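> Dropping a structure here in structure tokens format, bear with me for questions.
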Amino acid sequence: MDYQKVIEEVYNEVLDENPRGKVATYIPELENVNPDQFGIALVDLEGNVYGVGDYQVPFSIQSISKVHTLTMVFHVFKSKLWSRVNVEPSGNPFNSIAQLEFEKGIPRNPFINAGALVITDALCSKFKEPVKQISDFINEISGQNCVKIDHQVKNSEKNHSERNTAMAYFLKAYKNFDNDIAEVLDVYFSHCAMEMSCVDLAKSFSFLANDGYSIFANREIVSESHARRINALMLTCGFYDESGEFAFRVGLPGKSGVGGGVAAVMPHKFSIAVWSPELNEKGNSVKSVKALELLTDKLSFSLF
Ligand code: DON
């Protein structure tokens, strides 16, 4: 399979069609990005990298970091984790608070903001220097020192954090939050403000395409069974209230972020990251989703 040729075709077709959306504005600093950027990086299981467009430009990974934090926490707490956070699609926007009350402080899944805050809280209970350890972990599984925190993005989110702060207090009221709220939020904003390029991100997801083993870290990151479960969560919940549509159109486990990135895996074949900042109303990158749809059509395979 000539992956380079296929991603170049995809890239050109998306640019020809030029679907448009809007960059995220609720984190004001995210507006200061050139909306026309677009890149694709695919990494196969031998570590070969195929890239096109702005695939080496670092961008704000935002919610994609929730896959990295979930991996760290799942590895430590194993199935006990699921008493604190559920594994069902929410059918609601990523920042919705409504379901939390009906469901007594147990978030629907680890990728909506409420669930990710529980994961970051659990991480803070076990790791002494959480931000450093998240960065070290991502650097290790991508095989290079690639992670930087954009402090302007972090502070911009912190200064507009009413919803996430409310959610953390709500979780605390239901006794599903153990640590100091401000400290956990600081860690959460830091991991969301991490910057990586498509190529670094695709490498950091490679273990999920490879039964839990990272060829970049040269070790098993999680067991094969944990890798399957993380992939199942990405397939069912990785795109919030658009997860069904992503599974329908693309058919790969993946995770989006409001910086415009999407990382996805084709188990036993490759990991891929696509980035373009303009989003649809559900908070998912218009060009990135289109590119992945064209990719699985051209390859004639997906999970299904
Ligand atoms: O908590 C937030 O709202 C952001 N730091 C992350 C949200 C996000 O990336 C949702 N993804 N599409």
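> With 20 Å bins from zero, work out the P(r) of the chain over every alpha carbon pair and list the percent per bin.
Here the calculated profile for the chain is 38, 59, 4.
> Related question: List the lysines whose Cα lies under 24 Å from the Cα of LYS128, skipping any in the same chain that are fewer than 8 positions away.
Those lysines meeting the cut-off are LYS66, LYS78, LYS80, LYS148, LYS154, LYS158, LYS172, LYS175.
> Mind sorting LEU30, LEU208 by how few other Cβ atoms lie within 10 Å of their own Cβ, fewest first?
Going from sparsest to densest Cβ surroundings: LEU30, LEU208.
> Tell me, rounded to the nearest percent, the portion of alpha carbon pairs in region 1-140 spaced more than 19 Å apart. Can you show the working numbers first?
Values: 6348 of 9730 pairs.
Value for region 1-140: 65 percent of Cα pairs lie more than 19 Å apart.
> Using DSSP to define loop residues, name the GluC sites (Glu not before Pro) in region 245-291 whose beta-carbon has at most 12 other beta-carbon atoms within 10 Å.
Passing sites in region 245-291 are GLU281.
> What order do you get for ILE134, ILE112 when you list them from fewest to most C-beta neighbours inside 10 Å?
By the 10 Å Cβ count, ascending: ILE134, ILE112.
> Which order, highest average first, do 54-60, 170-176 follow once you tally other Cβ atoms within 10 Å for each residue and take the mean per peptide?
Listed from highest to lowest mean packing, they are 54-60, 170-176.
> Please give the direction-averaged projected area of the C-alpha convex hull for region 73-119, in square nanometres with one decimal.
Orientation-averaged projected area of the Cα hull: 2.9 nm².
> Per DSSP H run of at least 4 residues, take -39500 (n - 2.57); add these up for the chain, divide by its residues and hand me the 222 nm value, nearest 500 deg cm²/dmol.
Calculated mean residue ellipticity at 222 nm is -13500 deg cm²/dmol.
> What list of whole percents do you get for P(r) of region 24-83, with Cα-Cα distances grouped in 5 Å bins up to the one holding the largest distance?
4, 13, 14, 16, 17, 13, 13, 9, 2
> Kindly put HIS226, HIS151, HIS75 in sequence by how many other C-beta atoms sit within 10 Å of each C-beta, fewest to most.
In order of increasing Cβ crowding within 10 Å: HIS151, HIS75, HIS226.
> Explain nothing, just compute: Karplus ³J(HN,Hα) = 6.51 cos²θ - 1.76 cosθ + 1.60, θ = phi - 60°, for every residue of region 82-95 in order, whole Hz, x for Gly and Pro.
Here the 3J(HN,Hα) series is 6, 7, 9, 8, 7, 10, 10, x, 8, x, 10, x, 4, 10 Hz.
> Evaluate the relative contact order of the chain (contact order divided by residue number), counting alpha-carbon pairs under 8 angstrom at least 6 apart; express in whole percent.
Values: 627 pairs, mean separation 84.0, N = 304.
Reported as a whole number, the value is 28 percent.
> Right, next: From the C-alpha gyration tensor of region 122-257, pull out the three semi-axes of the equivalent ellipsoid (sqrt of 5λ each), sorted largest to smallest, in whole Å.
Values: eigenvalues 133, 79, 52 Å².
Output for region 122-257: semi-axes of 26, 20, 16 Å.
None of the figures in this text is laboratory data; all of them are computed from the coordinates on show. The structure displayed is predicted, hence computed values, not measured ones. Note that each Cβ is placed from the backbone with ideal geometry, even for glycine, and that neighbours are counted across all protein chains shown.
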